[in-house]
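See structure below.
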Amino acid sequence: MKYFQLLLLSTLVLLVNSSCKDQQASRQEDQAPVSTEPDYMSQGKEIAARTFGVLSSTLQQAMNKDGVPGAIDLCNLKAYPLVDSLSGAFDARIRRTSLKTRNPNNNPTMQETRILDRYQETVQNGGELQPLVVTLEDERHAFYAPIRVNAFCLKCHGVVGESLDEGHYALIRERYPNDKAIDYADGDLRGIWSIEFEN
Ligand code: HEC
């Protein structure tokens with residue numbers, strides 16, 4: 001919530017400034033300008049980290065309790081009120097996408113495909129994947145960050161008959177007949193966080 005603190009501070013500074021304008025007029029030139037531009041990088045990181053945190057702990061708990069069948073419906077961001085509240089608090093559209101999606105609603109836009117291709121290329125060249133902030137054509141900003149696969153994800157995104165149980169995959173296929181999100185290995189790039197800020 002650093003942004004809000006900053007915004008509050010800037011608003012206070014503005015208020016104080018305008019109310020004492022006359023007395024301060026001569027000193028105003030000495031003051032450093034206060035930036036009100038939000039820090040999209042740290043906001044994006046915060047949103048992704050908090051969403052990932054609640055998502056993985058909820059998934060993990062459900063898997064421990066009921067196994068994969070009990071957890072399948074919990075990988076959809078719509079299952080999480082936190083995502084709605086972060087969306088409202090940051091005025092942002094929060095989603096995940098991939099070159100190989102399970103849910104076609106998560107298919108990438110052209111802009112997201114460009115970012116996914118770019119990350120994929122970096123992986124192929126052995127480079128480090130870093131989060132990005134991009135200014136979109138309509139001047140809004142977007143935050144992107146890589147999503148990697150770990151051993152836990154393979155139970156639903158691994159190789160059928162090996163890391164991904166056949167029976168479990170049949171259940172996944174029932175819900176997602178167009179699934180492409182399998183055959184991953186530990187450490188692979190799975191997709192990206194894609195967070196578009198409305199302001
Ligand atoms: C219990 C099974 C399960 C586990 C475990 C799981 N996923 Fe998923 N994953 C799914 C399902 C089901 C969807 C489709 C969700 C939807 O409808 O949006 C999905 C969707 C996704 C998407 C969105 C893009 C798409 O393919 O539609 C990403 C990214 C993703 N998973 C990454 C991961 C990562 C990373 C992990 C491990 C940290 C993980 N998943 C663990 C079942 C799982």
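The values are calculated or read from the model by the stated rules, or taken from the named source; none is laboratory data. Everything numeric in this text was worked out from a predicted model, so none of it was measured. Counting neighbours? That spans all protein chains shown, and the Cβs are built from the backbone with ideal geometry, glycine included. Areas reflect the complete protein model, heavy atoms only, side chains present, ligands, DNA and RNA absent. Shrake-Rupley method; radii C 1.70, N 1.55, O 1.52, S 1.80 Å.
Below is a table of values for the structure above.
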{"quantity": "Gain on full stretching of the segment that runs from Gln60 to Asp84 - 0.36 nm per residue minus C-alpha separation", "calculated": "6.5 nm"}
{"quantity": "Prolate/oblate/rounded call for segment 87-199, Cα gyration tensor, a/c under 1.5 rounded", "calculated": "prolate"}
{"quantity": "Extension gain, Asn199 back to Asp117 (0.36 nm per residue minus Cα-Cα distance, nm)", "calculated": "26.9 nm"}
{"quantity": "Accessible area of segment 114-180 divided out per residue, in Å², using a probe of 1.4 angstrom", "calculated": "60 Å²"}
{"quantity": "Ordering of 129-142, 63-76 by burial proxy (mean other Cβ atoms within 10 Å per residue, highest first)", "calculated": "63-76, 129-142"}
{"quantity": "Where a label projected 7 Å from the Cα of Tyr176 along Cα→Cβ would reach, residues of segment 73-110 with amide N under 14 Å", "calculated": "73-79, 96-108"}
